[in-house]
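The values are calculated or read from the model by the stated rules, or taken from the named source; none is laboratory data. The structure presented is a predicted model; accordingly, all values stated were derived computationally and were not measured. For neighbour counting, all protein chains shown are included, and Cβ atoms are generated from backbone atoms with ideal geometry for every residue, glycine included.
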Amino acid sequence: MTAVRHVAEDLLRELAPQVLGALVRRYGVFDACEDAVQEALLAAALQWPEAGVPDNPRSWLVTVASRRLVDEIRSDSARRRREDGLALATPQAELLGHAADTVPDADRDDSLALLFLCCHPALSPAGRIALTLRAVGGLSTAQIAAAFLVPQSTMAQRVSRAKQTVKSSAIPLGMPEGGDLTGRLAEVRHVLYLVFNEGYTTSGGTDAIGLTAPELSTEAIRLTRMLHRLVPDDTETAGLLALMLLTDARRPARTGPSGEVVPLAQQNRARWDRRAIAEGVDLISRTLPRGRVGPYQLQAAIAAVHDEAEDTDTTDWPQILALYELLEQFEPNPMVTLNRAVAVAMVHGPAAGLDLIAALETDKRMARHHRLHATRAHLLELVGDHAAAAASYREAARRTTSTPERRHLTAQAHRLDGPA
């Protein structure tokens with residue numbers, strides 16, 4: 001039963017944006033369609049583990065969601081205007097009588113069109129990302145808030161405002177063209193990057209195997225492949241796809257048999273996905289010489305250097321440091337500086353890396369972030385200050401929202417607290 005439940009959950013995560021896209025394309029009311037899809041997903045989560053997954057799970061979900069939407073329109077007199085608006089675009093007999101199995105093009109995947117809808121210019125930049133992470137990525141409000149380092153209540157307001165904007169602006173479902181497409185690519189790429197990161201390192205893991213959510217990473221890669229096919233000459237989209245492939249290739253080795261965290265230096269590189277690495281290296285090698293270099297291409301190049309090394313000692317750290325220095329010019333932010341501090345430590349010694357970290361402590365966001373404390377702990381251990389390193393590991397463990405990471409960081413502190 002547990003295995004069936006996991007299969008059903010994975011399938012629901014994959015199908016959710018497709019079902020929402022089908023309903024929005026058919027009925028055009030984003031907020032009502034999302035509510036109906038959520039109800040259909042809940043019904044499936046309750047029924048499928050017991051009754052089994054339907055032969056056509058997507059059609060099942062679209063059917064149930066469509067009926068829930070129609071029932072809501074019929075029963076709620078307070079939403080009469082919504083019903084009238086739907087009636088203008090859809091014959092009443094079709095609206096009230098047709099279920100998902102009769103919706104035209106029911107098997108068409110509108111995930112990418114839905115992605116561009118959520119990234120429409122009418123929405124604020126924060127609203128675009130928040131809505132896409134929820135509607136296309138399937139993240140909870142708490143997960144999105146963790147990704148943005150903001151309170152959950154703040155993110156809930158962003159999602160609500162974004163949905164209201166989609167409703168009031170009557171944004172249609174469809175792919176942009178020409179200059180409109182070019183202008184919206186950057187936001188779409190950023191959203192896909194966040195979805196991938198949330199899947200690769202789940203912010204809110206609550207159990208021993210909660211470090212990663214591979215279905216999110218897989219969906220982000222799938223959507224990025226679709227985007228790359230749409231704009232094959234866009235070098236940053238190619239760089240983003242390469243970055244995802246090169247990073248996701250390490251996922252099988254990032255956790256041990258019980259879900260424990262395995263740091264990069266200790267990972268069994270034989271478990272890395274060599275096919276994904278080869279594809280990613282080939283893609284970034286062909287992309288870098290073709291056009292203007294951007295942040296995703298630089299991050300992909302850094303990932304390629306790591307993935308091609310036999311181990312940490314043989315990694316080309318000077319090249320990684322040079323790439324981080326260039327990346328910091330393109331995209332200056334404290335997380336890039338934190339990663340550069342590690343490269344500085346590997347090239348110039350841990351004391352030099354600690355100097356960079358000390359400068360980051362004035363950034364209020366980073367001062368609260370567990371990764372700052374974990375990195376400081378690692379470098380303090382390298383310089384031999386085990387007491388201070390243990391204290392930093394404990395502080396990092398206190399601040400992380402991931403249970404597997406908390407256990408790993410706590411274990412590191414205990415290790416340093418032991419006999420010398």
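The rows are residues; the columns are (1) in a helix (DSSP H, G or I); (2) touching a Gly at 6+ places or on another chain (Cβ under 6 Å); (3) buried (at least 20 other Cβ atoms within 10 Å of the Cβ).
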{"position": "Asp282", "(1), (2), (3)": "yes, no, no"}
{"position": "Pro289", "(1), (2), (3)": "no, no, no"}
{"position": "Arg292", "(1), (2), (3)": "no, no, no"}
{"position": "Asp307", "(1), (2), (3)": "yes, no, yes"}
{"position": "Thr314", "(1), (2), (3)": "no, no, no"}
{"position": "Leu327", "(1), (2), (3)": "yes, no, yes"}
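With a requirement of 2 or more residues that are assigned by TED's automatic domain parsing to the domain that holds Glu9 and in contact with a Lys or Arg (Cβ under 8 Å, 6 or more places away or on another chain), none of the helices (runs of 4 or more DSSP H) lying completely within the stretch 125-174 satisfies it.
With of a type outside the set (Ser, Thr, Tyr) and under 22 Å from the mean Cα position of the chain (by Cα) as the only criterion, which of Gly291, Gly280 stands out? Only one candidate qualifies: Gly280. Contact annotation: residue pairs with Cβ atoms under 6 Å, 6 or more positions apart or on different chains, pairing a residue in the stretch 156-173 that is within 19 Å of Ala113 (Cα to Cα) with a partner that is assigned to a loop (DSSP other than H, G, I, E, B) and not hydrophobic (A, V, I, L, M, F, W, C), are Ile171/His120.
Just name the residue that is nearest to the chain's Cα centre (by Cα) out of those in the stretch 131-153 that are closer than 24 Å to His369 by Cβ and either among the basic types (Lys, Arg) or at pLDDT 85 or above (or both). The residue in question is Arg134.
Among the residues of the stretch 15-29, those identified as assigned to a helix (DSSP H, G or I) and either of a type in the set (A, V, I, L, M) or under 13 Å from Ala135 (Cβ atoms) (or both) are Leu15, Ala16, Pro17, Gln18, Val19, Leu20, Gly21, Ala22, Leu23, Val24. Is there a residue being closer than 25 Å to Arg274 by Cβ and among the hydroxyl-bearing types (Ser, Thr, Tyr) anywhere in the stretch 329-349? Among the residues of the stretch 329-349, not one is closer than 25 Å to Arg274 by Cβ and among the hydroxyl-bearing types (Ser, Thr, Tyr), which makes the answer no. Within the stretch 334-357, is even one residue outside any loop (DSSP other than H, G, I, E, B), surrounded by fewer than 17 Cβ atoms within 10 Å (Cβ to Cβ), free of Cβ contacts under 8 Å to residues at least 40 places away in the same chain and touching a Ser or Thr at 6+ places or on another chain (Cβ under 9 Å)? Looking through the stretch 334-357, none of the residues is outside any loop (DSSP other than H, G, I, E, B), surrounded by fewer than 17 Cβ atoms within 10 Å (Cβ to Cβ), free of Cβ contacts under 8 Å to residues at least 40 places away in the same chain and touching a Ser or Thr at 6+ places or on another chain (Cβ under 9 Å).
Taking the conditions exactly as written (at pLDDT 75 or above, among the charged types (D, E, K, R) and crowded, with 20+ Cβ neighbours inside 10 Å), does Lys167 satisfy them or not? So Lys167 does not fit the description; no. Scanning the stretch 247-263 for residues that are charged (D, E, K, R) and at pLDDT 85 or above returns Asp248, Arg250, Arg251, Arg254.
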